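Encoded as structure tokens, the structure appears first; notes follow it.
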Amino acid sequence: MTLTVPDPQVAAGPLKLGIIDCDVHPLKLREHQQRGAGVLSYLPERWQRHASVAGVQRGGWAGGDRPRPREYGQRWDTETPSGGPPGSDPVFAAEQLLDKYEISAGLLNDLGAFQSAGLKGQPAGFSAAYCRALNEHRVDNWLKQDPRWYAALNVPYELPDLAVQEIEFGMTQFDEYSSRFKQIMLAPDNLRPPGHPTYWPIYEACVEYGLPVTFHVQTGNRPTPSGGPSYYLEEHNDYAAMNFPLVASYIFEGVLDRFPDLKIVLIELGWSWAVPLAWRLDAAYRVLGDEVPHLQKKPSEYLRDHFWFGTQPMEEPEEDRHLDEVFDAFYDAGMGDHLMYASDYPHWDFDEPASLPANLSLEQRAAVLGGTAGKLYGIDLLPGQGYEVR
């Protein structure tokens with residue numbers, strides 16, 4: 001797929017830039033517990049009984065791991081008309097997000113999987129069964145409802161053999177809907193650094209099926225490298241701290257040499273940190289590079305070539321020009337063509353497509369809003385839909 005921007009002088013009607021939203025959150029945990037059509041109904045009877053006794057998420061406050069101003073950090077207006085929790089109704093979510101902003105595709109990233117996929121206080125069998133239930137529920141209740149919904153495949157990533165089985169199942173057993181799974185989801189608080197050979201079978205399967213590996217912030221037992229903070233405000237500002245060890249592990253463990261086609265997406269983990277980290281990695285490598293003779297290029301080149309970034313949460317300096325300067329540095333470092341729009345719907349810090357910096361060129365804006373994601377995920381942009389250039 002190549003990105004083309006229509007000439008405003010010859011385009012029929014207003015010029016619109018296609019949009020792909022790389023971070024939409026369905027199925028908050030309150031909905032997971034529902035009997036009948038809820039996720040638990042997709043579990044085998046043995047694990048339904050387990051969930052009824054032990055629950056899906058261990059401990060924590062109602063609505064998250066710390067008290068929050070709003071349950072799960074949602075926008076006030078995202079409760080469904082029937083009173084259902086945010087992210088529980090694909091039709092209502094499509095109206096609020098896809099229709100309103102003329103979005104070509106929304107990628108569904110299920111945060112509810114992290115508590116079980118990562119074996120946080122759950123039996124291994126339940127972890128695998130719960131990921132399967134989430135994926136089946138996703139197909140039946142979202143992908144079949146609207147062709148604009150795409151999804152991340154949930155896998156029990158701390159059980160690599162079972163994770164590979166789930167990847168193979170998801171990519172082959174959902175008929176035409178298998179092609180609508182566009183990435184797998186991992187959390188940055190793995191039991192081991194993500195470059196550890198334990199996880200390599202998962203990466204091999206991802207390369208085989210052309211699936212990026214996607215990391216998203218989590219609110220589990222260890223939401224920051226320093227443990228769980230006391231306040232949601234503190235937690236929210238600490239998310240990007242997970243990036244440094246995550247990126248370094250992939251590079252220095254040799255994962256990206258062993259799997260040169262592996263692509264890694266960092267969602268809701270920021271992007272403004274990437275250029276300073278590239279400097280730090282290269283500076284350390286100049287002194288300590290003998291420790292990792294297997295590397296075939298500079299660390300910054302791995303970061304530039306293998307990692308993609310979601311825009312949300314957008315940096316918000318008091319002076320807009322400072323954000324423009326950070327974007328310029330990001331593009332100058334060669335990372336700008338790996339930046340993708342993400343809204344974080346239905347959370348309170350939702351970023352709409354108009355939130356991008358004003359100094360982006362037309363081509364840069366078109367790439368960030370949808371062109372880059374379309375190329376990475378193989379998703380076509382809908383003609384005549386998107387952000388209107390004024």
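The values are calculated or read from the model by the stated rules, or taken from the named source; none is laboratory data. This structure is a prediction, so every number in the text was calculated from the model and none was measured. Heads up, the Cβs are rebuilt from the backbone with ideal geometry, glycines too, and the neighbour counts pull from every protein chain shown. Side chains are part of the model used for accessible areas, which takes the heavy atoms of the whole protein and leaves out ligands, DNA and RNA. Shrake-Rupley method; radii C 1.70, N 1.55, O 1.52, S 1.80 Å.
Side notes on the structure shown:
- Each label point was placed 7 Å from the Cα along the Cα-to-Cβ direction; for His294 and Gln48 their separation is 4.6 nm.
- Within segment 270-318, the proportion of C-alpha pairs whose separation exceeds 16 Å stands at 48%.
- Per residue solvent-accessible surface (Å²) - the chain, probe of 1.4 Å: 42
- Heavy-atom accessible area order for Tyr231, Tyr341, largest first, 1.4 Å probe: Tyr231, Tyr341
- Taking 0.36 nm per residue of sequence separation and removing the Cα-Cα distance, the Leu191/Asp99 pair yields an extension gain of 29.2 nm.
- Residue pairs exceeding 26 angstrom between C-alpha atoms, taken from Lys144/Lys182; Lys182/Lys297; Lys16/Lys375; Lys100/Lys263: Lys182/Lys297; Lys100/Lys263.
- C-alpha center-to-center spacing [segment 284-318, segment 320-379] in angstrom: 19
- FRET efficiency for Ser41 and Ala283, using Cβ-Cβ distance with R0 set to 56 Å, rounded to 0.05: 0.55
- Accessible surface of Lys263 - all protein chains present, 1.4 Å probe, nearest 10 Å²: 80
- With each label modelled as a point 7 angstrom along the Cα→C-beta vector, the Phe244-Asp77 pair spans 3.9 nm.
- The mean sequence separation of alpha-carbon pairs under 8 Å and at least six residues apart, normalised by the residue count of the chain, gives a relative contact order of 23 percent.
- Candidate aspartates and glutamates for bridging to Lys298, where Cα separation is under 15 Å - those fewer than 8 sequence places away on the same chain excluded: Glu253, Asp257, Asp282, Asp290
- Ligands, DNA and RNA left out, the accessible area of the chain computed with a 1.4 Å probe is 50% carbon and sulfur.
- Relative counts (whole %) of C-alpha pair distances in segment 300-349, using bins that are 10 Å wide: 23, 46, 28, 3
- Evaluating 6.51 cos²θ - 1.76 cosθ + 1.60 at θ = phi - 60° for every residue in segment 93-103, the Karplus couplings come out as 4, 5, 5, 6, 10, 5, 5, 4, 9, 6, 8 Hz, glycine and proline recorded as x.
- Cα gyration tensor shape of segment 281-390, rounded if a/c is under 1.5, else prolate or oblate by comparing a/b with b/c: prolate
- Dividing the helix sum by the residues of the chain, where each DSSP H run of 4 or more adds -39500 (n - 2.57), gives a mean residue ellipticity at 222 nm of -9000 deg cm²/dmol.
- At the residue level, Ser230 shows approximately 90 square angstrom of accessible surface with a 1.4 angstrom probe and all protein chains present.
- In this structure, Gln173 and Glu388 have a Cβ-Cβ separation that, at R0 = 35 Å, corresponds to a calculated FRET efficiency of about 0.30.
- Nonlocal amide H pairs with His347, under 5 Å, H built at 1.01 Å: Arg75
- Nonlocal amide H pairs with Gln183, under 5 Å, H built at 1.01 Å: Leu153
- Binning all Cα-Cα separations of the chain at 10 Å, short to long from zero, yields these whole-percent fractions: 5, 23, 34, 26, 10, 2, 0.
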